[in-house]
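Asker: One structure coming up, written as C-alpha cells, with questions to follow.
The values are calculated or read from the model by the stated rules, or taken from the named source; none is laboratory data. Since this is a predicted model, take the numbers as computed values, not measurements. Positions of Cβ are backbone-derived with ideal geometry, glycine not excepted, and every protein chain shown enters the neighbour counts. Note: areas computed on protein heavy atoms with side chains; ligands, DNA, RNA excluded. Shrake-Rupley method; radii C 1.70, N 1.55, O 1.52, S 1.80 Å.
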Amino acid sequence: MTQFLQTPLAGVWVIELDKLSDERGWFARTFDAEEFRERGLNPRVVQTNASYNGAAGTLRGMHYQADPHGESKLVRCVRGAIFDVAVDLRPDSPTRGRWHGVQLSAENRSAFYIPAGIAHGFQSLVDDSEVHYLMGDPYVPESARGVRWDDPAFAIDWPEAPAGGRIIAERDACYPDFEL
C-alpha cells in the first residue's frame, strides 16, 4: 500500500511509493483515487502539467489560485531533484502562515499533495530537473495569485543558491509582502 505521511501543515501530505520489485525492476501505483478519498483529499484529476528546469537554482512560485477557483495538486519530480515548498494561506487553517518543504527527486520518487488554499513553489537542486503535476482543478488565469518566495511573513528556509545565483521570473520576484 502507498504510504501517506502527514506533514506539519493540515491537509498537506508526502506520498511514498510501495514498490513491488522483481528481476525486471519494480512496479508501483502512483495514484489511487480511492486512497485519496479515504483521507479526505481531492481525488479528481482534470489536467496534468510538466515543467522543465535547465539549471540548478531555478525557483518557481509561490503560486496559488484564489477562491472560488482554488486548485489542488500532486507534484512529483521525474528527473533531477527539487526542494518543494507549500505555504498555508487558508484563512481558517490552524497552520495558516506556516510552510513545509520536502525534497522530491527522480531517485526518491516521492510526491507532495497540496490542497487548495496552499501556495506552492520549488527550487531545482540540480540541472535538468523535470516536474510533473496532477491538477485537481482547472487553471483559471483570472484567479492566479502568488506570494513572494522570500517574503518575511513566511521566512522559508530555501536551499543555498548555486554559485550563479537563482533564476526567478520577474513576476515571482515582485509579489508584494503578504499580510497574515
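Asker: Which condition from (1) out of contact with any Leu (no Cβ under 8 Å at 6 or more places or on another chain); (2) on the phi < 0 side of the Ramachandran plot; (3) at pLDDT 95 or above is the one that A81 breaks?
Answerer: With respect to (1) out of contact with any Leu (no Cβ under 8 Å at 6 or more places or on another chain); (2) on the phi < 0 side of the Ramachandran plot; (3) at pLDDT 95 or above, A81 is out only on (1).
Asker: So which pairs qualify, if the first residue must be in the stretch 128-145 and open to solvent by less than 70 Å² (accessible area, probe 1.4 Å), the second must be of a type in the set (F, W, Y), the Cβ gap must be under 7 Å, and the two must be at least 6 apart or on different chains?
Answerer: Partner pairs satisfying both residue conditions: E130/Y52; V131/F122; L134/F31.
Asker: Restrict the check to the stretch 29-40 and report whether at least one residue is in contact with a Lys or Arg (Cβ under 8 Å, 6 or more places away or on another chain) and modelled with pLDDT of 95 or more.
Answerer: Within the stretch 29-40 (the criterion being in contact with a Lys or Arg (Cβ under 8 Å, 6 or more places away or on another chain) and modelled with pLDDT of 95 or more), the answer is no, since none of the residues qualifies.
Asker: May I pose another question? Considering only residues of the stretch 66-102 that are open to solvent by less than 10 Å² (accessible area, probe 1.4 Å) and charged (D, E, K, R), which is farthest from V126 (Cα to Cα)?
Answerer: Here the residue is D88.
Asker: In the set L17, L41, L125, L59, which member is touching a strand residue (DSSP E or B) at 6+ places or on another chain (Cβ under 9 Å) and closer than 20 Å to P152 by Cα?
Answerer: Within the list L17, L41, L125, L59, the selection yields L59.
Asker: Okay, next question. I'd like to verify a number: residues in the stretch 25-82 that are among the acidic types (D, E) and part of a loop (DSSP other than H, G, I, E, B), how many? Before you say what the answer is, go through the steps one by one.
Answerer: Kept after step one, since they are among the acidic types (D, E), are these residues of the stretch 25-82: 32, 34-35, 38, 67, 71.
From what is left, the residues that are part of a loop (DSSP other than H, G, I, E, B) are 32, 67, 71.
So the answer is 3.
Asker: Collect the residues in the stretch 6-33 that are of a type in the set (A, V, I, L, M) and either in contact (Cβ under 8 Å) with a residue 60 or more places away in the chain or loosely packed, with under 11 Cβ neighbours inside 10 Å (or both), keeping them in residue-number order.
Answerer: First, pick out the residues of the stretch 6-33 that are of a type in the set (A, V, I, L, M): 9-10, 12, 14-15, 17, 20, 28, 33.
Within the stretch 6-33, L9, A10, V12, V14, I15, L17, L20, A28 meet the criteria.
Asker: Here's another thing I want to ask about it. Testing P176 on (1) over 17 Å from D84 (Cβ atoms); (2) in contact with a strand residue (DSSP E or B) (Cβ under 9 Å, 6 or more places away or on another chain), one condition comes back false. Which one is that?
Answerer: (2)
Asker: Still on this model: Scan the stretch 156-180 residue by residue and report those that are part of a loop (DSSP other than H, G, I, E, B), under 27 Å from T95 (Cα atoms) and either open to solvent by less than 70 Å² (accessible area, probe 1.4 Å) or touching a residue at least 24 places away in the same chain (Cβ under 8 Å) (or both).
Answerer: Pass one, the stretch 156-180, residues part of a loop (DSSP other than H, G, I, E, B): 156-166, 169, 174-180.
Okay, now just the ones that are also under 27 Å from T95 (Cα atoms), so 156-160, 174-180.
The answer is I156, D157, W158, P159, C174, Y175, P176, D177, F178, E179, L180.
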